[in-house]
Amino acid sequence: LKEAIDVLEVRMKEDGHSPENYIFNLLIDACAAVGYTKKAFNLFTKMRQRGLKVTGATYTMLFNACANGLYKNEGLEKANRLREIMLEKGFEPNISNYNAMIKAYGRLTDIKTAFLLVDEMIEKNLAVTTETFNFLLQACASDKAFGFRHALLVWHKMYQRNLRPDIYSFNLM
């Protein structure tokens, strides 16, 4: 990953090449996978400074970086700022964006926001899937006091919507 970032930040610049947004997206995704939240957001800033198009996939990857980061406070701060940016830009989140946001807020122990995001999805008539409920179950697991109670409610809602739990759902319960 370090070498790939070096290609973007040093070698491409030395050779006079301008990277396109998909290069940034690949590197942001790689940073997200290993929890390099700060680096993922640095790349995002550089991408925007270059005037490159930020896509829904970019936002999803950035929320994944927040979810996978080592520092919860930093991740929560970045996730909140990213939501503000999306609102400022008038970006309408898709199902993948919402699932990534729910995962991030759930892992960052902001269970209230995770539940609010599901409500938002329902208001916008977006499909709430088994995967969405699994991320919500992850959020429940982060609440030591009331998480199990919330998880039972989520489980019942899942069945009310005729969604079948998968292996991840059972493991999370």
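The values are calculated or read from the model by the stated rules, or taken from the named source; none is laboratory data. Predicted, not measured: the structure shown is a model, and the values here were computed from it. Glycine gets a Cβ as well: all are built from the backbone with ideal geometry, and neighbour counts include every protein chain shown. To get the accessible areas, we keep the full protein, side chains included, count just its heavy atoms, and leave off ligands, DNA and RNA. Shrake-Rupley method; radii C 1.70, N 1.55, O 1.52, S 1.80 Å.
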Quiz prompt | Evaluation of L117 against (1) under 25 Å from F148 (Cα atoms); (2) open to solvent by 50 Å² or more (accessible area, probe 1.4 Å) (one fails), failing number | solution = (2)
Quiz item: Picking from N42, N73, N68, which residue would you name as being among the polar types (S, T, N, Q), open to solvent by 60 Å² or more (accessible area, probe 1.4 Å) and within 14 Å of Y105 (Cα to Cα)?
Solution: N73
Quiz item: If R83 passes every condition in (1) of a type outside the set (A, V, I, L, M); (2) free of Cβ contacts under 8 Å to residues at least 24 places away in the same chain; (3) farther than 18 Å from N94 by Cβ but one, which one does it miss?
Solution: (3)
Practice problem: Restricting attention to segment 72-92, report how many residues are in contact with a helix residue (DSSP H, G or I) (Cβ under 8 Å, 6 or more places away or on another chain) and farther than 19 Å from A32 by Cα. | Solution: 1
Practice problem: Could you tell me which of the residues N25, N73 is closer than 28 Å to L136 by Cβ and in contact with a Ser or Thr (Cβ under 6 Å, 6 or more places away or on another chain)? | Solution: N25
Quiz prompt | Enumeration of residues in segment 122-168 that are under 19 Å from I111 (Cβ atoms), free of Cβ contacts under 8 Å to residues at least 24 places away in the same chain and either open to solvent by less than 50 Å² (accessible area, probe 1.4 Å) or of a type in the set (S, T, N, Q) (or both) | solution = A151, V154, W155
Quiz prompt | Residues within segment 38-71 that are assigned to a helix (DSSP H, G or I) and touching a helix residue (DSSP H, G or I) at 6+ places or on another chain (Cβ under 8 Å), tallied | solution = 21
Practice problem: State yes or no: is A33 assigned to a helix (DSSP H, G or I) and at pLDDT 95 or above? | Solution: no
Practice problem: Quickly run through segment 89-102 and pick out the residues that are crowded, with 22+ Cβ neighbours inside 10 Å and within 11 Å of V118 (Cα to Cα). | Solution: Y98, N99, M101, I102
Self-check item: Boolean, L116 is closer than 23 Å to A141 by Cβ, of a type in the set (A, V, I, L, M, F, W, C) and free of Cβ contacts under 8 Å to residues at least 12 places away in the same chain
Solution: yes
Quiz item: Of all helices (runs of 4 or more DSSP H) completely enclosed by segment 81-173, which ones contain at least 2 residues that are closer than 25 Å to F41 by Cβ and within 21 Å of the chain's Cα centre (by Cα)?
Solution: 95-107, 111-123, 130-141
